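The values are calculated or read from the model by the stated rules, or taken from the named source; none is laboratory data. Computed from a predicted model, the values in this text were never measured in an experiment. Please note: Cβ atoms are built from the backbone with ideal geometry, for glycine as well, and neighbour counts cover all protein chains shown. Just the protein is used for accessible areas: all its heavy atoms, side chains included, with ligands, DNA and RNA removed. Shrake-Rupley method; radii C 1.70, N 1.55, O 1.52, S 1.80 Å.
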Amino acid sequence: MLSSISYKIARWRLKKNTQRNFLIYCSVFVGLIGGLAAVALKFLVHVMEDLSRNISTHLPFHIIYVFLPALGILLTVAWQHLINRDKIQKGIGNILINIKKNRSNIRSNNIYSHLVTSSLTVGFGGSSGLEAPIVCTGAAIGSNVGRLFNLSPYEKTVLIAAGASAGIAAVFNSPIAGVLFALEILIGEITIPTFIPLLIASATGVVVAKVLYSRQLFHLVTDGWVMTALPFYVILGVLCGWTAVYITKVAAKLEKGIFLKQNRYVRAIGGGLILGLMLMVFPTLFGEGYHYLQEILNGNMEALKEETIFSQWLSNPWFMLLFIAALILMKIVAAGITIGSGGNGGTFAPTMFTGAFLGLFVAFAVNQTGLVHLNTSNFIAVGMAGALSGVLHAPLTSIFLIAEITGGYVLFIPLMIVSAMSYIISRLFSKHNMYWHELIHEKNIHPGQDYSMLNEITLDSIINTQFKVINKGMPVSEFYNILASSQANIFAVLTPTGSLEGVVWMDEIRKHLFETIQQEDTVADIMVAPPAVIDYNQPVSSVMELFDGLDVWQLPVVKNDLFVGFISKSALLNKYREVIISQNKQADFFAR
């Protein structure tokens with residue numbers, strides 16, 4: 001029913017609009033809905049966080065912090081299990097999988113599920129970020145708008161990126177950073193035809209956020225940088241690179257799950273209680289952590305003392321320095337526990353938090369020596385960019401995000417230095433960012449392989465069904481007569497019921513051409529087992545992987561255990577070339 005409606009809508013809009021104009025209209029719509037979703041999520045979480053903090057102030061030692069995260073994660077897991085039926089696709093890695101292997105199709109339930117589950121997780125104190133859920137929501141909006149109008153996989157990919165850029169832009173009031181995030185993380189390349197719809201969606205998301213929710217995440221007050229601070233920015237860049245490696249490794253390990261031998265509800269309660277105990281010691285880890293981050297940006301270091309059991313000792317600057325170092329190490333642990341126990345969130349905000357406190361650590365430590373005075377706000381801002389650059393492997397996003405948040409480009413040189421150094425150091429330890437690292441090593445999905453183009457090809461279109469049926473009992477002399485009238489390089493040996501028993505290669509036949517044929521010699525003497533057999537329902541992308549891995553040019557295809565024909569690598573490559581030409585025409589934004 002839905003597909004027939006989509007088909008009718010597609011016919012109508014093609015009559016009324018060109019494909020180029022329609023994609024622009026879609027990007028505006030996706031940006032509008034993505035901006036609304038981002039505003040709704042941030043508003044809901046801020047209300048819940050403020051409520052939680054108000055409750056905690058009326059209880060001794062903020063004891064409520066022990067139980068709130070467990071409640072939030074438990075409600076999140078219950079929603080995913082009982083209402084969503086485990087169909088939610090969490091994390092940016094799943095977006096990349098859908099782009100690469102599922103023709104950019106994302107389930108419609110992801111439009112609302114992330115809003116509900118992430119607000120429950122983070123609103124009750126889960127120490128993770130909302131950026132990944134917002135990106136997943138925006139991506140789901142873009143994908144489903146594309147499906148509604150029966151757009152091509154390429155155009156759905158553009159709308160996925162448009163939804164993601166609108167979400168990021170709306171959260172941070174940073175349209176350029178939203179676009180660059182989508183290009184660097186989701187698409188992986190920067191082209192003008194892709195850039196324009198993303199710009200439109202991103203700008204639309206920011207306008208929606210400005211109109212409906214003017215509250216900013218940060219109000220950074222930064223000054224111009226000075227040459228005497230340059231060596232310390234270099235030190236910060238190196239530390240950000242090492243910290244990025246630490247974040248990536250810890251997050252990857254914890255996010256796979258904790259208490260894996262227990263059922264999901266035990267994991268949620270157990271992980272939530274562990275997180276709650278951490279919050280008792282380090283209340284600064286509560287939620288996204290942006291509340292405390294804004295306080296230190298304002299120069300209010302006293303905010304770090306207010307709720308912690310260490311408040312008496314934090315008046316000592318060196319003990320404060322140790323406390324800041326502990327926050328740097330513990331934030332990503334808290335985020336990993338939150339996600340690993342079943343909560344919904346991401347590592348974007350924890351990474352920014354960690355980078356900010358790393359910048360604070362460097363500036364605070366240097367200022368205690370009295371040798372030189374560093375601007376703390378500058379180092380906090382640049383530290384955020386450095387950590388993001390190293391973890392995401394997205395230096396442009398990191399630089400422009402902080403530049404836009406600060407409202408100017410006075411820190412552009414330090415941002416470039418720290419982001420570049422962090423990126424280089426992180427790349428020395430891992431070639432790919434944390435999202436691609438898992439996909440490559442655990443799911444064998446690589447950024448350079450365009451599965452969407454390959455999966456545009458159907459096996460039916462490249463199967464050669466013209467073949468001679470031979471059996472293993474056939475005399476070799478009789479088979480040579482068949483060979484004389486055929487141009488085939490491979491022959492299938494079948495059973496009477498049509499099942500594949502083996503193949504005969506021309507390379508194998510050449511070995512016997514000049515040998516004296518014995519009367520008793522049969523096809524069974526020259527047939528071999530094929531190196532692999534393709535299933536009729538197998539994705540074309542995996543067929544190409546088989547050809548590359550086995551270094552062969554033809555493979556047999558079976559359907560329901562019956563032989564149906566051969567696929568040649570040359571036919572597959574020719575078809576792939578046709579698809580590339582077709583999609584390049586689609587991508588030529590101004591030629592349509």
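Mean projected area of the convex hull spanned by the Cα atoms of segment 48-139, taken over all viewing directions: 6.1 nm².
So, by mean Cβ neighbours within 10 angstrom, what's the order for 109-116, 430-437, 80-87, 541-548 with the highest one leading? Could the numbers behind the result be given before it?
Working: 109-116: 21.2, 430-437: 18.6, 80-87: 13.0, 541-548: 17.0.
Going by the mean number of other Cβ atoms within 10 Å, highest first, we get 109-116, 430-437, 541-548, 80-87.
Of the beta bridges in the chain, as assigned by DSSP with both residues counted there, near 85 percent are antiparallel.
Around Tyr292, under 12 Å between beta carbons, what's the net of Lys plus Arg minus Asp minus Glu among the other residues? Spelling it out: positives minus negatives among the neighbours equals -3.
Once both labels are positioned 7 Å from their Cα atoms along Cα-to-Cβ, the gap between Ile482 and Asn316 label points is 8.9 nm. Please report the antiparallel percentage of DSSP beta bridges with both residues in segment 517-578, rounded to the nearest 5. Roughly 75 percent of the DSSP beta bridges within segment 517-578 come out antiparallel.
Descending by average beta-carbon neighbour count within 10 Å, the peptides 193-206, 128-141, 561-574 line up as 128-141, 193-206, 561-574, the highest first. Note on segment 322-383 and segment 527-571: Cα centroid distance 52 Å, given to the nearest whole angstrom. The C-alpha atoms of the chain define a longest principal axis, and helix 317-340 lies at about 40 degrees to it. Placing a label point 7 Å from the Cα of Asn537 along the Cα-to-Cβ direction, the residues of segment 559-581 whose backbone N falls under 14 Å from that point are 559-562. Across segment 311-377, the mean sequence separation of Cα contacts (distance under 8 Å, 6 or more residues apart), normalised by length, yields a relative contact order of 30 percent. Comparing Cα centroids, segment 113-128 and segment 385-402 end up 24 angstrom apart. With respect to the chain, whose longest principal axis is taken over its alpha-carbon atoms, helix 131-148 is tilted by about 40°. Using every pair of distinct Cα positions in segment 319-434, the Kirkwood expression returns a hydrodynamic radius of 14.7 angstrom.
Against the chain, whose longest principal axis is taken from its Cα atoms, helix 434-443 shows a tilt of about 30°.
Modelled label positions at Asn560 and Val28, each set 7 Å beyond Cα in the direction of Cβ, lie 5.1 nm from each other.
Remark: the chain carries 43 Å² of accessible area per residue (probe radius 1.4 Å; ligands, DNA and RNA excluded).
Among the protein heavy atoms of the chain, carbon and sulfur supply 61% of the accessible surface, probe 1.4 Å, non-protein parts ignored.
Distance from a point 7 Å along Cα→Cβ of Asp223 to each backbone N in segment 376-394: keep the residues under 18 Å and list them by number. So the set is 376-383.
For segment 281-320 versus segment 238-279, the inter-centroid distance based on Cα atoms is 22 Å. Take every pair of alpha-carbon atoms less than 8 Å apart whose residues are at least six positions apart; their mean separation over the length of the chain yields a relative contact order of 16 percent. Placing a pseudo-label 7 Å from each Cα along the Cα-to-Cβ vector at Leu273 and Thr497 gives an inter-label distance of 5.7 nm.
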